[in-house]
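One structure is given below, encoded as structure tokens.
Bear in mind these aren't lab numbers, they're just calculated from the coordinates by the rules spelled out. Owing to the predicted nature of the structure, the values given are computational and were not obtained by experimental measurement. Note that we place each Cβ from the backbone using ideal geometry, even for glycine, and neighbour counts take in every protein chain shown.
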Amino acid sequence: MSSQRIFITGATGFVGRHLVSRLNERGASAEIFGSCFPERPESCADLCRVQPNVRLVHLDLRDADAVDKAVASIRPARIYHLAALSQVRLSWEKRAETFDTNLRGTFNLYESALRHTPRARILFVSSSDVYGFLTPLRRPCRERDRGGVVSPYAFTKVSGELLGEFYALRERLPIIAARPFPHTGPGQTADFVCSDWARQIALIEKYKAHDDAPASSAKPVIRVGNLALRRDYSDVRDVVRAYAMLMAKGKAGEVYNVCSGRAVSLEWILKKLLSYSRRKIAYAVDPTRIRKVDIPYLAGANGKLREATGWTPRVPLDQTLRDILDYWRARV
């Protein structure tokens, strides 16, 4: 039975839900176990209704004993390690929690895998934020590139990659690192830029204003941050497809960019979303939405991923943005 089991940390998060859907779409006969935190399994009934073969466990990765018990009980053949505190802005405010969750939690998971299921293939999800500021800034980042760490979140991901490399080389745990660039899609919370803007547009379309209140007389204006930033965005459905392919074909101890290979400005994304709106909407820069430190240009080279797995992106960004807007229209 253990050879048929998959364990997904952070299964109830944005990417985790799409990964569960992807694995089930492929007709996986495996039992899928997923962790959730801080929410409890009973509060994630929506996921279990759509994906009834998923068994959820409430698990704080910072609790070494709880992690050990979970891994010993599940004994998975494959582990997708998605769980992390992933908001860059909050990582400045919650540094200790970010370090404990993203680093100690990963350490606890690897130690438990080493004890109970040392042959399990593990996919560690890192981040393109590890590249930081590169010189020159206007070319796609390659896996061997190194920049300066620009946030506590990025620090934990750099350290997580090194930790995985150590366990892969010295302890022979088959750990592969995925280094995703920004990705978005339906179901993402409004804590992230594309989803935030889509939600604001949907609210204006419904209420003819911006502040969530039907009786508001506010003008239709959405609040934005730094529009000059350029980012390599992918659709989350393409990203989880890459994760599954890396799990099957990636080489232990290696890291792979997951990206489209092309950067667009946030201004382009904003204007594309506004063009889909049913109303004429203006926008204004809100200083509180500008990060303390940010990378002006971030794009990746995906040749290593393509060569290893045959993966190519399928969902165009304009379709992704339409889907996000429709998602929020159905929920506001």
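Of note:
- Counted residue by residue at 0.36 nm each, then reduced by the alpha carbon distance between them, the extension gain from Arg329 to Arg279 reaches 16.7 nm.
- Over the chain: Kirkwood hydrodynamic radius from C-alpha pairwise inverse distances, Å: 20.5
- At q = 0.30 Å⁻¹, base-10 log of I(q)/I(0) for the stretch 105-168 (Debye sum, equal scatterers on each alpha carbon): -1.32
- At 1.567 mPa s and 4 °C, Stokes D of the stretch 82-131 from Kirkwood alpha-carbon radius, µm² per second: 107
- Between the listed residues Val221, Ala263, His81, the Cα displaced farthest toward the positive end of the dipole of the chain, a dipole computed from Cβ unit charges relative to the Cα centre, is found at Ala263.
- Put a plus charge on the Cβ of each Lys and Arg, a minus charge on the Cβ of each Asp and Glu, and nothing anywhere else: the dipole of the stretch 276-332 about its Cα centre is then about 240 debye.
- Once the Cα atoms are used to define both axes, helix 64-74 deviates from the longest principal axis of the chain by about 70 degrees.
- Antiparallel %, DSSP beta bridges [both residues in the chain], to 5: 10
- Cβ-based charge dipole, the stretch 171-313, positive-most Cα from Gly187, Ser275, Trp311: Ser275
- Rounded, prolate or oblate (a/c below 1.5 giving rounded, otherwise prolate when a/b exceeds b/c) for the stretch 274-332 by Cα gyration tensor: oblate
- Size-normalised alpha-carbon gyration radius of the stretch 181-332, reference 2.2 N^0.38 Å: 1.16
- Folded to 0 to 90 degrees: helix 152-170 orientation relative to the chain principal axis, Cα: 20
- Charge dipole (Cα centre; +1 on Lys/Arg Cβ, -1 on Asp/Glu Cβ; no other charges) of the chain amounts to roughly 840 debye.
- For the stretch 314-328 and the stretch 69-135, distance of Cα centres in Å: 28
- Residue with peak Gaussian network fluctuation, the chain [Cα springs, cutoff 10 Å], from Val285, Val149, Val71: Val285
- Distances between every pair of Cα atoms in the stretch 53-168, grouped in 5 Å steps from 0 to the bin holding the largest one, split as 2, 11, 20, 21, 18, 13, 9, 4, 2, 0 percent.
- Fraction of antiparallel bridges per DSSP, the stretch 26-185 only, in percent to nearest 5: 5
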